[in-house]
Ligand code: NAD
């Protein structure tokens with residue numbers, strides 16, 4: 001069994017840290033918001049008050065924070081992981097960040113004798129709570145093999161997709177597909193309601209055909225009931241669409257659906273919905289339709 005530092009105990013990190021603790025590891029958790037460590041403590045883990053405390057004695061350092069600057073601060077910042085972790089520690093970055101930032105951090109990690117994999121996840125809060133996440137991993141084959149038992153504890157579909165940064169590139173494609181799906185579902189819901197069709201049976205039959213999807217299953221009730229507590233905040237999806245559109249442009253690609261969905265996510269945010277679940281893209285459809 002291993003000593004694990006878990007940094008970032010938010011909507012996703014908290015249940016993931018609890019699964020690792022329940023699997024028999026010793027988990028020390030750190031979050032800027034101390035109350036976020038409560039579930040880990042209830043499961044027998046420890047809450048600590050700094051990164052240095054978390055990584056002391058840890059052979060694995062898991063990170064699950066919002067965006068590239070947060071990961072840079074946690075790893076390369078003053079009194080961060082690179083300064084304070086045990087030599088040779090395996091760093092698993094579960095956060096969704098820019099692929100180029102991951103590559104730079106992996107280089108810095110290797111220079112300091114650490115191992116780092118990018119391991120962004122998909123499956124939403126239910127995936128984290130039920131340990132059924134899909135995890136897309138970038139890094140060396142050896143580091144992937146070392147990390148696999150920990151990844152299997154929090155995920156169901158765990159795939160090595162390439163070298164450092166590849167995990168983030170796959171996650172970026174994931175976010176394009178998810179946001180586009182959510183927008184389509186939102187438009188379908190508003191359309192069905194406009195024609196007075198009973199949503200329950202309509203979504204049941206749609207879910208059984210080619211229109212069925214994890215997005216439909218996970219988001220249909222949130223949309224039908226206008227319950228938009230996150231889940232996955234629109235602010236985070238805005239971050240992810242920024243990562244996608246920048247990377248697509250740098251590759252010289254034309255991705256019109258991606259650009260449109262990025263604009264719709266930005267509009268949702270500009271209208272004050274950034275703190276809501278991304279299923280609240282439905283509110284944007286209603287606004288545009290004068291509803
Ligand atoms: P969240 O905001 O709920 O959690 C992030 C946590 O990181 C917060 O508790 C925050 O206090 C903490 N944090 C930030 N900076 C820190 C620092 N320097 N040191 C310690 N703690 C710090 O976000 P989340 O929904 O858990 O998402 C985390 C990451 O997972 C993001 O990159 C997101 O894009 C990705 N993700 C989220 C979901 C989802 O459904 N919520 C799904 C897949 C991937």
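Any read-out appearing in this document is the output of simple, stated calculations on the displayed coordinates, not a laboratory observation. This structure is a prediction, so every number in the text was calculated from the model and none was measured. Backbone-built Cβ (ideal geometry, glycine too); neighbour counts: all protein chains shown.
Remarks
- Rounded to the nearest 500, the helix-only mean residue ellipticity at 222 nm of the chain stands at -16000 deg cm²/dmol, with each DSSP H run of n ≥ 4 adding -39,500 (n - 2.57).
- Shape call, the range 3-162: gyration tensor on alpha carbons, a/c limit 1.5: rounded
- Highest-MSF residue in the chain out of 128, 106, 251 [GNM, Cα springs under 10 Å]: 251
- Burial ordering of 226, 269, fewest other beta-carbon atoms within 10 Å first: 226, 269
- GNM flexibility winner over the chain from 185, 40, 32 (Cα, springs under 10 Å): 32
- Taking 4 °C and 1.567 mPa s as conditions, the chain diffuses translationally at an estimated 66 µm²/s according to Stokes-Einstein applied to its Kirkwood radius (Cα pairs).
- Between the Cα long axis of helix 166-194 and the first principal axis of the chain there is an angle of about 30°, rounded to the nearest 10.
- Kirkwood-Stokes translational diffusion coefficient of the range 169-288, alpha-carbon pairs, 10 °C, 1.306 mPa s, µm²/s: 109 µm²/s
- Residue with peak Gaussian network fluctuation, the chain [Cα springs, cutoff 10 Å], from 62, 179, 76: 76
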